[in-house]
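**Student:** Structure incoming, see below.
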Amino acid sequence: MYCVVQKLKKIKLDLKTWSKVTFGNFKSKLERNGEKLLQVETKLVQDPNNSQLNNWHFRLIKQREKIHLFNQKYWGRIARKDWPVNGDRRSHFFH
């Protein structure tokens, strides 16, 4: 049993590292996206007919939507996992 526990601890650390590399930090990704979006919008004010800037702006907005969607799905899964364990804390008032 000791060996199993040690392997699980190692897997946990490896999974944390993998998660950070694969998914990164939601907040920092959102901040970088916002900074790039602001730069592009500033340039678009000066040159609104620039197709390259318009395409870049469109891609950044889509990227921002994907980041938000991933975050919603991630926290939704966490909440669903938590529900069977914790249940409705207020339910004991109604019984």
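The values are calculated or read from the model by the stated rules, or taken from the named source; none is laboratory data. Just so it is clear, the model here is predicted, and its values are computed rather than measured. Methodologically, a virtual Cβ is constructed for each residue, glycine included, from the backbone with ideal geometry; neighbour enumeration extends over all protein chains shown.
**Student:** Only one of these is at pLDDT below 90 and of a type in the set (Phe, Trp, Tyr): TRP18, TRP56. Name it.
**Tutor:** On the way: TRP56 fails: at pLDDT below 90.
Matching residue, one of TRP18, TRP56: TRP18.
**Student:** Could I ask something else about it? Can you pull out every residue in segment 47-58 that is loosely packed, with under 13 Cβ neighbours inside 10 Å and not in a loop (DSSP other than H, G, I, E, B)?
**Tutor:** SER51, GLN52, ASN55, PHE58
**Student:** Now for a different question. Of all residues in segment 1-46, which are among the aromatic types (Phe, Trp, Tyr) and either touching a residue at least 24 places away in the same chain (Cβ under 8 Å) or surrounded by 10 or more Cβ atoms within 10 Å (Cβ to Cβ) (or both)?
**Tutor:** Once the filter is applied, which keeps residues that are among the aromatic types (Phe, Trp, Tyr) and either touching a residue at least 24 places away in the same chain (Cβ under 8 Å) or surrounded by 10 or more Cβ atoms within 10 Å (Cβ to Cβ) (or both), segment 1-46 yields TRP18, PHE23, PHE26.
So that you can scan it fast, the table gives a plain yes or no per residue for (1) at positive phi; (2) touching a helix residue (DSSP H, G or I) at 6+ places or on another chain (Cβ under 6 Å); (3) of a type in the set (A, V, I, L, M, F, W, C):
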residue	(1), (2), (3)
TRP18	no, no, yes
THR22	no, no, no
LYS43	no, yes, no
PRO48	no, no, no
ASN54	no, no, no
LYS62	no, no, no
ILE67	no, yes, yes
TYR74	no, no, no
